[in-house]
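The values are calculated or read from the model by the stated rules, or taken from the named source; none is laboratory data. The structure displayed is predicted, hence computed values, not measured ones. With ideal geometry, Cβ positions are generated from the backbone for all residues, glycine too; neighbour counts draw on all protein chains shown. Accessible surface is based on the protein model in full, side chains and every heavy atom, while ligands, DNA and RNA are left aside. Shrake-Rupley method; radii C 1.70, N 1.55, O 1.52, S 1.80 Å.
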Amino acid sequence: MSATDWGFATRQIHAGAIVDAEAGARITPIYQSAGYVFDSFDDGAERFAGRSARRAYSRNDNPTNVVAARRIADLEGGVDGVLVASGQAAIAAALSALAQSGDHILTSDRLYEGTREMVRGALRRQGLRFSAVSIDADEQAWVDAVLPETRAIYAESIANPLGEIADLAMLGRVSERTGVPLVIDNTVATPYLCRPFEHGAAVVIHSTSKWLSGHGSVIGGAIIDGGTFDWAAAADRFPQLHEPRPHGAESFAERFGDAAYTAYLRSVTVLEHGPSFPPTSAFLLLHGIETLSLRMERHVENARAVADALATHPAVAHVHYPGRPDDPRRAVVERMLPDGAGSIVSVDLVGGRDAARAFLDGLRLVSQMTHIGDVRTLAIHTGSTIHGKLDDAERRALGITPGLVRISIGLERVDDIVADLLQALEGIRP
Ligand SMILES: Cc1ncc(COP(=O)(O)O)c(C=O)c1O
């Protein structure tokens, strides 16, 4: 049996693992070293010129990080990946590697608020243009929104915080028809529940701070290359991959073929911007990934039970969890996420903001904090925190009602989670 036949549960433990040559350590070691000794003067020059496969400096290339990146790439079905300092840095690096000043990015209108802030803030200030298409728009509407300058189509497979599902098969067709790569933030789904490359994505993003780690002790991000996009056919859109490199070296597309994007990302974007991922964090991330399938199964089971328990409570106006009977995108959820739709359950409380305050302040087991994908159940009123900079109309347009509370369902005994949420709901005065 070869590594290619291994199932997900085996690959999450073994894919990309190295056995340390010196000590034979079974666990991938933490290579806590800034740089790597050259064999000679000429070897140093070869490494810097990218003509040697051996590494030079940990800002963009560290052995512990490489194992974690390869493991995520394997689970996603991609060819390579790069780890960076946070999920936010992963989005910034992924888009910066694709688009230059004057270029355009097309996004879904339902995105994690930090991503929306970045595209409307830092990236716009750097000269990138953006427009958003409704997550419910049809294929032709997406195709029509693609401009000659569009360099990426960007969406979240499961959007944070309301769980709207992007129809990845449809977006894959849009990518194919327009020749624009599809970039998917797969943080909330994880590769256990959804693998966007199977639907036509070119690049997958993760905040590894969330379910991939699971323990809530490290911040990190990953950019995974599917090896699925024909960069050679898109030379006019991505000149950075086709221009000859210094000293007459062949272009990234010629040298790396399908993996040209990751090679450029690693050796230009991440090297120049420097959002390095600490190898200690990669070590902790690897320990999280080893149990991903088991955790996701329980996360989904607990989230479904919590959604059911809250849906009929008189203090709850609406429960957002993908695939529930009243979800208009139910058919897409069933097709795209047959094993479950993650573990964010957002509730809209009848009593609005005051009810949300009483509910959150009444929690005993569940922690009131920002973060998702932890083994612990966490809850937050996004309207006064994550979406706090928006005005009422902007929040309403995003579906963020005054009584909305996002709950990231953890792995505690489900009866204990439900009991805590119900006792906190009882504390809301009518
Ligand atoms: C879907 C999604 N993508 C990206 C990010 C950013 O990740 P990080 O907090 O690791 O920078 C988050 C953070 O909550 C997120 O929810």
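Take the conditions (1) without any contact (Cβ under 8 Å) to a residue 24 or more places away in the chain; (2) in contact with a Pro (Cβ under 9 Å, 6 or more places away or on another chain); (3) in the same structural domain as Leu83 (by TED's automatic domain parsing); Phe283 misses just one of them, which is (1). Has region 350-361 got at least one residue that is in contact (Cβ under 8 Å) with a residue 24 or more places away in the chain and within 16 Å of the ligand (Cβ to nearest atom)? Checked region 350-361: no residue is in contact (Cβ under 8 Å) with a residue 24 or more places away in the chain and within 16 Å of the ligand (Cβ to nearest atom).
Filtering region 362-388 to residues that are of a type outside the set (Gly, Ala, Ser), in contact (Cβ under 8 Å) with a residue 40 or more places away in the chain and more than 15 Å from the ligand (Cβ to nearest atom) leaves Leu363, Arg364, Leu365, Val366, Val375, Arg376, Thr377.
Mind listing whichever residues of region 271-297 are hydroxyl-bearing (Ser, Thr, Tyr), under 15 Å from Ala34 (Cβ atoms) and part of a helix (DSSP H, G or I)?
Residues of region 271-297 that are hydroxyl-bearing (Ser, Thr, Tyr), as a first pass: 276, 280-281, 291, 293.
Filter once more, so that each one left must be under 15 Å from Ala34 (Cβ atoms): 276, 280.
Selection gives Thr280 alone.
From the list Arg110, Arg70, Arg124, Arg116, the lone residue that is in a helix (DSSP H, G or I), open to solvent by 10 Å² or more (accessible area, probe 1.4 Å), within 16 Å of the ligand (Cβ to nearest atom) and of a type in the set (Lys, Arg) is Arg116.
Any residue at all in region 337-348 that's in contact with a His (Cβ under 9 Å, 6 or more places away or on another chain), at pLDDT 95 or above, on the phi > 0 side of the Ramachandran plot and in the same structural domain as Gly399 (by TED's automatic domain parsing)? Can you show your working first?
Initial filter on region 337-348 (in contact with a His (Cβ under 9 Å, 6 or more places away or on another chain)): 340, 342-348.
Within this subset, residues satisfying the condition of being at pLDDT 95 or above are 340, 342-348.
Subset that is on the phi > 0 side of the Ramachandran plot: 340, 342.
Subset that is in the same structural domain as Gly399 (by TED's automatic domain parsing): 340, 342.
So far as region 337-348 goes, yes, one or more of its residues are in contact with a His (Cβ under 9 Å, 6 or more places away or on another chain), at pLDDT 95 or above, on the phi > 0 side of the Ramachandran plot and in the same structural domain as Gly399 (by TED's automatic domain parsing).
Looking across region 73-86, just one residue is within 14 Å of the ligand (Cβ to nearest atom) and either free of Cβ contacts under 8 Å to residues at least 24 places away in the same chain or of a type in the set (Val, Ile, Thr) (or both), and that is Val84.
Has region 87-96 got at least one residue that is more than 12 Å from the ligand (Cβ to nearest atom) and either open to solvent by less than 10 Å² (accessible area, probe 1.4 Å) or in a strand (DSSP E or B) (or both)? Spell out how you get there, then give the answer.
Step one: filter region 87-96 for residues more than 12 Å from the ligand (Cβ to nearest atom), giving 95-96.
Next cut, either open to solvent by less than 10 Å² (accessible area, probe 1.4 Å) or in a strand (DSSP E or B) (or both) only: 95.
Yes, region 87-96 contains a residue that is more than 12 Å from the ligand (Cβ to nearest atom) and either open to solvent by less than 10 Å² (accessible area, probe 1.4 Å) or in a strand (DSSP E or B) (or both).
For region 128-141, indicate whether the set of residues that are touching a helix residue (DSSP H, G or I) at 6+ places or on another chain (Cβ under 7 Å), away from the ligand (no atom under 16 Å from the Cβ), open to solvent by less than 20 Å² (accessible area, probe 1.4 Å) and in contact (Cβ under 8 Å) with a residue 40 or more places away in the chain is non-empty. Within region 128-141 (the criterion being touching a helix residue (DSSP H, G or I) at 6+ places or on another chain (Cβ under 7 Å), away from the ligand (no atom under 16 Å from the Cβ), open to solvent by less than 20 Å² (accessible area, probe 1.4 Å) and in contact (Cβ under 8 Å) with a residue 40 or more places away in the chain), the answer is no, since none of the residues qualifies.
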